[in-house]
1. Taking interchain pairs and intrachain pairs at least six residues apart, which have beta carbon atoms under 6 angstrom, with the first residue in the stretch 83-109 and farther than 25 Å from GLN254 by Cα and the second of a type in the set (S, T, N, Q)?
2. Any residue in the stretch 237-252 that's not assigned by TED's automatic domain parsing to the domain that holds VAL270: show its pairings with residues that are acidic (Asp, Glu) and not in a loop (DSSP other than H, G, I, E, B) at Cβ separation under 7 Å, as long as the two are six or more apart or on different chains.
3. Consider ARG355 against the criteria (1) over 24 Å from GLY259 (Cα atoms); (2) surrounded by 23 or more Cβ atoms within 10 Å (Cβ to Cβ); (3) among the basic types (Lys, Arg): it satisfies all of them except one. Which criterion is unmet?
4. Out of all the residues in the stretch 67-92, which are surrounded by fewer than 16 Cβ atoms within 10 Å (Cβ to Cβ) and under 30 Å from LEU123 (Cβ atoms)?
5. Scan PRO280, PRO268, PRO247 and give me the residue that is farther than 21 Å from CYS154 by Cβ and modelled with pLDDT under 95.
6. Yes or no: LEU72 part of a helix (DSSP H, G or I) and either modelled with pLDDT under 95 or within 15 Å of the chain's Cα centre (by Cα) (or both)?
7. Tell me, please, whether a residue that is surrounded by fewer than 18 Cβ atoms within 10 Å (Cβ to Cβ), in the same structural domain as TYR87 (by TED's automatic domain parsing) and part of a loop (DSSP other than H, G, I, E, B) can be found in the stretch 149-159.
8. Among residues belonging to the stretch 310-330 that are out of contact with any strand residue (DSSP E or B) (no Cβ under 7 Å at 6 or more places or on another chain) and outside any helix (DSSP H, G or I), point out the one that is surrounded by the fewest Cβ atoms within 10 Å (Cβ to Cβ).
Amino acid sequence: MKKPKLQPIAFLALYFFLATSLSAQIKPISLNAQNPHYFTYKGKPTVLITSGEHYGAVMNPDFNYRKYLKTLQKDGLNLTRTMTGAYFEPAGAFNITQNTLGPDPKKYMCPFLREDHGSKFDLSQWNPAYFTRLKDFIGEAQKRGVIVELSLFCPFYGDEQWALSPFNSINNVNGLGNIPRTDVYTLDKNKGLLDIQEKMVRKLVDELKSFPNLMYEICNEPYFGGITLEWQLYISEVITNAEKSFPNQHLITQNIGNGAQKIENPNPLVSVFNFHYAAPPTAITINYALNKVIGENETGFNGQKDSTYRKEAWELILSGGALFNNLDYSFTTDNVEGTFHYPAAQPGGGSPAFRKQLSHLKKFMDAFNFVAMKPDNSILAGGLSKGLTPYLLAEAGKQYAFYLMGGQQVNPEFNLPKGEYSLEWLNPLSGKTEKKEKLSHQGGKVTLTSPIYQEDIALKIISQ
């Protein structure tokens, strides 16, 4: 049978379809074009929610990252944060038991080659085994829908960390780093280390250019250890310049501070501004006008209860944040599936049960067209007792995501336009829908009645 000829218009349509599809496959995670407070990944609006290990997955060769990433995928989470190896910790630092960021110093891996497998590093030579492991880690994460935030540098909080670093002259053969730890990440006091740092960043950017599930964090907690804003800007420029010839560029993230602070002069090269211990989520509110992603990529120092960090995640995301990373101490080299029962001295939480609770938040958000929503508590008209903390994302007249901390049963009042609505009350602890109902509303104030709950409750309102 004679094959039909493909018409020129049909050919062009097929060409553009394939080109668009291929472009979508290789384009890294980006800010959402419609609403840059959120991400887009594989063509879909995305929020990043996780409870991950303490950033040593690559540098610590005893850590089985494949099992770890399978656990995140099984738990319905989509983010992990890891450090490059320019920094690591001695065992027992910060009261962390079986710290993944505290590998065996003799096995520890970083971008630089050990001289004859000895105790010193050559900062002029790369470690092929390290880059093989790093790329395999990010590739395995990609298979499982997990985004990697790669933290390039970290301050040396004390001399005990500085004594371990390849940048310290006692640990390299290059005669570099005979300086105080507070001068390492500066433009004018580093005594030759800045050139090594730039070459390291360029090498990483070149090696990792093909991975779409990747973001670069300039530095973890740069507000400690003498790190300057000028140096952070310089590193962001190195990343940007190294990627200029790439068809697609990766997002750059910046860690701003602990708690909350107003970002007065945002780095224009940065797309994601992260905070640590950001509860309550004031950092979201005061920086929302930046029109960039605001997130929290480390939690802790507020006890060990799952409920503490579950509420922290819900209030952050329902305030308009798009990234939440709980620091999960149940992941260790001996417990890569996150089942370690850590002692009371640990500075945070994490558990299989908690990760399941986070997955309920992820599913709750994915049920909305959230890029069309924004924080708007003005829709609340009353009905809540003093001491209760409400959060509300809304697209007026179409969809509402409501979260409330405190109480056991409430009757919130909402101002809704005339219309037909479906309502679902969700238990954030169990993920179960506790109550469903339909609302035929004539417009104006309406009082809703929640089911009985413990600690917190969520509500989804969708216009029909």
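1. Hits for this filter: GLN98/THR332; PRO103/ASN60.
2. Short answer, once both residue conditions are applied: none.
3. Here ARG355 meets the rest and fails (1).
4. Of everything in the stretch 67-92, those that are surrounded by fewer than 16 Cβ atoms within 10 Å (Cβ to Cβ) and under 30 Å from LEU123 (Cβ atoms) turn out to be PRO90, ALA91, GLY92.
5. PRO247
6. Taking the combined requirement at face value, the residue satisfies it.
7. We begin by selecting, within the stretch 149-159, every residue surrounded by fewer than 18 Cβ atoms within 10 Å (Cβ to Cβ); these are 157-159.
After this cut, where a residue has to be in the same structural domain as TYR87 (by TED's automatic domain parsing) as well, the list is 157-159.
Still in the running and part of a loop (DSSP other than H, G, I, E, B): 157-158.
Yes, the conditions are met somewhere in the stretch 149-159.
8. So the first thing to find is which residues in the stretch 310-330 are out of contact with any strand residue (DSSP E or B) (no Cβ under 7 Å at 6 or more places or on another chain), and the list is 310, 312, 329-330.
Subset that is outside any helix (DSSP H, G or I): 329-330.
Numbers: TYR329: 28, SER330: 22.
Filtering first and then ranking leaves SER330.
The values are calculated or read from the model by the stated rules, or taken from the named source; none is laboratory data. On a predicted model such as this, the values are computed, not experimentally measured, just so you know. No Cβ is skipped: glycine too gets one built from the backbone with ideal geometry, and neighbour counts run over all protein chains shown.
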